[in-house]
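Shown next, in structure tokens, is the structure this report addresses.
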Amino acid sequence: MKSNYSFYIFFLFITCLVNAQDPIFTQSIFIQETLNPGYSGFEDNDRIYAGLIHRTQWPRLDLKINTQYLFLNKSIDQGPRLGYGLGINALRHHESFTNYSHTQINVNYAQRFNLNEGWVFRPGVEVGAGFKDFQFENLTLEDQININTGEISSSTVDPLAINNDNVFFIDISSGLVFEREERYGIAYWFGLSVKHLNRPNISFVQGENKKLDMFFSLNGNYRFPFLGDHSALISAVYMQQGNYNRLDLGSLFQVRQMLFGITAATNPARNSSNSHILTSINGFLGLEYNQFRFGLSYDYNTSKIGNTNGVYELSVTYLTRCRSCNIDRSRKR
């Protein structure tokens, strides 16, 4: 039975690679820098915001996927109505079964415009360099095997042998964020982003052109007081890349230094008859300690892939104190 699961999940790997799906973090619903460069400098008041997310998917099987995302951004004020944010981030993604890896480093910039009635507009842009590697030198192709003698030849005419062992590409993304400043403990913001605007060529075969599908995301957030001095956050994130989409609906409750959250990950497109609308239920537990926030999330799979032991994510974020505020303002998110 386990071999059937392995074959099914390997088929999912190949499907994802052919369609060039971006890795998605469960905690991106709360750490939105992973989706939209417009959130660079979102905390304002000359503060530095940095963090790291580690994701392990399907650790029970030999098909484990590890993904890390590291980011750092700083807000810089230019007076009462203008400001901007500068940031840098890095992504590392590795699939153990296929030995596929993806590494990318990006820099981003977001401008802040203070509008009327407490509204803030933040357009952002991100430029990065990506590397993809499949380690083709470790593959044995069909025409290299002599079925009569069992010998392995070093020569082949298979087109996979004429490949770019490392694919390098330049990647351009952009995003917009609209924010309503907090009043009476209530705040809301929403953002729109488009990744891979230049649709870079990511083909491993020389002479072929496989354009990376653009990645669209739309997120909305509403924060309000909860049980007196505590707070609650309701978030929604919609993502679309190629024929595949995903809608995450979640809530986060903060009681003193403790955070409790739950998210439902859904698949509205249902690309096949076996697809599920609800793909996972994700729990989140967090702790704030001084300027640090620690988070742990677990995705409980609701589809029929099998006993994969779910998906784990660990995160830590750091936010400097608000030196230019009359009072030390807490986090927005």
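Calculated FRET efficiency, residue 208 and residue 302, Cβ-Cβ r, R0 51 Å, to nearest 0.05? Efficiency computed from Cβ-Cβ geometry: 0.85.
Quick one: net charge around residue 41, please, counting Lys, Arg +1 and Asp, Glu -1 for every other residue with C-beta under 12 Å from its C-beta. Taking every Cβ under 12 Å from that of residue 41, the sum is -1. Taking 0.36 nm per residue of separation and subtracting the current Cα-Cα distance, fully stretching the chain between residue 172 and residue 101 would add 23.6 nm.
Full extension of the chain segment joining residue 218 with residue 186 gains 9.4 nm, where the gain is 0.36 nm per residue of separation less the Cα-Cα distance.
Note on segment 32-128: Cα-only Rg and Dmax are 16.8, 55 Å.
With Cα atoms defining each centre, segment 201-225 and segment 87-108 are spaced 14 Å apart in the structure.
Each label was represented as a point 7 Å from its Cα along the Cα-to-Cβ direction; for residue 129 and residue 271 these points are 3.1 nm apart.
Once Rg and the Kirkwood radius are both taken over the C-alpha atoms of segment 216-273, their ratio Rg/Rh works out to 1.14. Applying 1/(1 + (r/R0)^6) with r as the Cβ-Cβ distance of residue 234 and residue 197 and R0 = 35 angstrom yields a FRET efficiency of 0.70. Modelled label positions at residue 121 and residue 320, each set 7 Å beyond Cα in the direction of Cβ, lie 2.9 nm from each other.
Laboratory data are not the source of any read-out in this text; all were calculated from the coordinates shown. Values in this document were obtained by computation on a predicted structure and should not be read as measured data. Heads up, the Cβs are rebuilt from the backbone with ideal geometry, glycines too, and the neighbour counts pull from every protein chain shown.
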